[in-house]
Structure formats: C-alpha cells, structure tokens
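*Asks:* The structure is given below, and queries will be raised subsequently.
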Amino acid sequence: MRCTSSIAGAGCFHGSRPECWASLLVGLDRHVVQGGQRTGQELAITAHTDSQGHDEHDQADGRQQPRVLLFDVNETLSDLSPLAQRFTEVGAPPHLAATWFASLLRDGFALTATGANPSFAELGAEALRGRLAGQVGDVDAAVERIMSEFSKLPVHPDVVEGVHNLHSLGISLVTLSNGSTAVAQGLFDRNDLGGYFDSLLSVEQAPLWKPAEAAYSFALEACGCEASDAMLVAVHPWDIDGAHKAGLATAWINRTDARYPAYFAAPDIEATSLVDLGAQLGGVAA
C-alpha cells in the first residue's frame, strides 16, 4: 500500500564545496493525527512494514533493520552541481554558489535557534539577491534563473538502483527535508521513483527546521513510528547529528571519501552510496 498524503517535503543541504547546495521550501497542507485517529500515511507505512513480517527486519548480525528510512533530498538524492553553472551563465563567478548557500544555511539555522521556522524559499531568494548585487545586471532575472534549476536537477548515479534495492527490503521510504515537495516530486517523476516512497514530508509543517529535534519528532508522528524503528539517511553530518540526538538510527552517505567531523555524533552506518547502504542493511549485492 502506498500513502497518498499531500504532506509537504524535500531537503536541506550544506557544504563548503561548490557541489553542496541548499533547497527551496514550498508549503503544502499539513496532515496531523487528530482525535486518536491515524492518518492515511501512518496506515500505509504500518501496512507496508507489517506485511513484510518481523523476522525480515532482524539481520543475521543481530542488528535490527529499520522499518522506516527518512531521506534527506537535496544533495542526498539529487545532484546539485549544475547550479554552479547557472551562476556562470548569469554572469556571476561559480564559487559564489557555495558562499550563497553557506550564508543561507547560517541564517536559517540562526533563526531556527531563536524558535523561528523561516521559509527556505524566501530566505534563499533574499540571500541570493544580496550575493548577486553588483555581480550581475538584472538581479531578479538571475535569481529566477538559478532558482528554476531546482526543477531540472538529476539524481546521483547510485540513487535509482539504491532506492530499488532498499524498497525491495520491505522498508518504508519517506523523505524528510527542509525543502520543497514540488522539487522532490519533480525529481522522482523524472526518474520514475515516486512509486517507491510512501510519503514526502517537509519541516514547514514541523515546529522547526532540521536539525532541531522537533523536526524529527514531527516526522515520527506523521509516520506513526517510534524513533527506534526509524533511520535517517543523509549526506550532511549536521543532519546525522540532529537525528541521532532525536533517538533515530543514522546512515551517512559518503560518496566523496570525506572525513566525518569529530564534533558531530558518529553515524550508525557509513555507506559510499545508496547501493552500499542497501547491501549493509539487508545483504543486497552491491
């Protein structure tokens, strides 16, 4: 059974390299559990996992397989490197892209720390206007061109096979992001991945952005599962750290052989790709 909920979702991303990016956030209707009734999303995820049987979620090494995988989207699933080229095309230096996203995340996390839940789209566009001022002639046109690239981004080469493998393990796949359902849905539509995900979640319907604990708690409530039954999958160490502190298991996707920062909680699993993650979680041949 596949959930047809319209809860919003997509992803936040971070990095000092040009290929590390941040996402747009578009708000859709919030779906919540009311009066003790379970949402259609909860029922879909419960049916998906229960139909597999409990024994299939206990691995040979004794480690329990998660019943729900919560995926970050931007940079974890999507390849954001084409955005640097858009900066070049509008007349700005490509390295400005990384600076823009770093400042966007800095300000977004600062607002989150004060208890605010800012719009990623508005924050991103305003930060981009500031960075492009004095760099290009028509700032508004440049902002629109760069932002529109989110509707065209590809997935990383390992994503399609990896998602197929993970889905075949009987694990419910859900997105949890600081970004936009429209961006995530478009990404999935372009790559025939939509049918593999039970729901798309956005922190715009949560009290705060990731990596605040409230964002992960929101997702767990929406999925109708305990933290011990869920695992966050992300390329961002700050996201891994936040999920760990919220009680979730974590899987860090390290495609670039990077060093994990010692000041963040270490991931439960480190994988070189989603294909590798599937192999580690269920013995799927990589």
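Laboratory data are not the source of any read-out in this text; all were calculated from the coordinates shown. Note that the structure is predicted; figures quoted are calculated from it, not measured. For neighbour counting, all protein chains shown are included, and Cβ atoms are generated from backbone atoms with ideal geometry for every residue, glycine included.
*Asks:* So what is the relative contact order for region 109-223, in percent, with contacts set as C-alpha pairs under 8 Å and at least six apart? Walk me through the numbers before you get to the answer.
*Replies:* Working: 95 pairs, mean separation 30.1, N = 115.
Reported as a whole number, the value is 26 percent.
*Asks:* Enumerate the residues in region 129-154 having an amide nitrogen under 16 Å from the point lying 7 Å beyond the Cα of residue 99 toward its Cβ.
*Replies:* The answer is 129-137, whose backbone nitrogens lie closer than 16 Å to the label point.
*Asks:* While we're here: Pull up all non-local amide H partners of residue 209: gap of 5 or more, or a different chain, and H-to-H distance under 5 Å with H placed in the peptide plane.
*Replies:* Result for residue 209 returns nothing.
*Asks:* Could you give each residue of region 86-95 its phi-based ³J(HN,Hα) in whole Hz, using Karplus coefficients 6.51, -1.76, 1.60 with θ = phi - 60°, and x for Gly or Pro?
*Replies:* Listing the rounded values in order: 5, 4, 4, 5, 8, x, 9, x, x, 5 Hz.
*Asks:* Just to check I understand the Karplus step: with θ = phi - 60° and J = 6.51 cos²θ - 1.76 cosθ + 1.60, what whole-Hz values come out for region 147-162, glycine and proline as x?
*Replies:* 5, 5, 5, 5, 7, 10, 5, x, 8, 5, x, 8, 5, 4, 5, x
*Asks:* Which residues' amide hydrogens lie under 5 Å from the amide hydrogen of residue 201, considering only partners 5 or more residues apart or on another chain, with H built in the peptide plane?
*Replies:* 10, 175, 176, 177
*Asks:* Kindly put 159, 143 in sequence by how many other C-beta atoms sit within 10 Å of each C-beta, fewest to most.
*Replies:* Details: 159 23, 143 20.
Ordered by Cβ neighbours within 10 Å, fewest first: 143, 159.
*Asks:* A further question follows. What are the ³J(HN,Hα) couplings of region 210-222, residue after residue, when phi is run through the Karplus curve with 6.51, -1.76, 1.60 and θ = phi - 60°? Round to Hz, x for glycine and proline.
*Replies:* Rounded to whole hertz, the list is 5, x, 5, 4, 4, 5, 6, 4, 4, 5, 5, 5, 5.
*Asks:* To continue, here is another question. Please list the non-local residues whose amide H lies under 5 Å from the amide H of residue 74, H modeled 1.01 Å from N, same-chain partners needing a gap of 5 or more.
*Replies:* It is 11, 12, by chain and number.
*Asks:* Sorted from fewest to most neighbouring beta carbons within 10 Å, what does the list 269, 253, 171, 146 look like?
*Replies:* Working: 269 17, 253 28, 171 24, 146 21.
By the 10 Å Cβ count, ascending, the order reads 269, 146, 171, 253.
*Asks:* Here is a follow-up. Which ordering of 72, 140 is given by a fewest-first count of other beta-carbon atoms within 10 Å? Intermediate values should be presented prior to the final figure.
*Replies:* Numbers: 72 28, 140 11.
Fewest-to-most Cβ neighbours within 10 Å comes out as 140, 72.
*Asks:* When a/c reaches 1.5 or more, the comparison of a/b and b/c decides; with that in mind, is region 208-286 rounded, prolate or oblate per its Cα gyration tensor?
*Replies:* Values: a/c = 2.41, a/b = 1.31, b/c = 1.84.
Note, shape of region 208-286 comes out oblate.
*Asks:* Is region 82-151 best put as rounded, prolate or oblate by its Cα gyration tensor, with a ≥ b ≥ c the root eigenvalues, rounded for a/c under 1.5, and otherwise prolate when a/b is larger than b/c, oblate when not?
*Replies:* Details: a/c = 2.06, a/b = 1.98, b/c = 1.04.
Prolate, since a/c reaches 1.5 and a/b exceeds b/c.
*Asks:* All other residues with a Cβ under 12 Å from the Cβ of residue 127 taken together, and with Lys, Arg as +1 and Asp, Glu as -1, what is their net charge? Let's see the in-between values first.
*Replies:* On the way: positive: 106, 129, 131; negative: 107, 122, 126.
Summing Lys/Arg as +1 and Asp/Glu as -1 gives 0.
*Asks:* Moving to a separate point now. Report the chymotrypsin sites (Phe, Trp or Tyr not before Pro) located in region 146-248 that are in a DSSP loop and have at most 16 other Cβ atoms inside 10 Å of their Cβ, or state none.
*Replies:* Details: sites: 150, 188, 196, 197, 209, 216, 218, 238; in loops: 197, 209.
Passing sites in region 146-248 do not exist.
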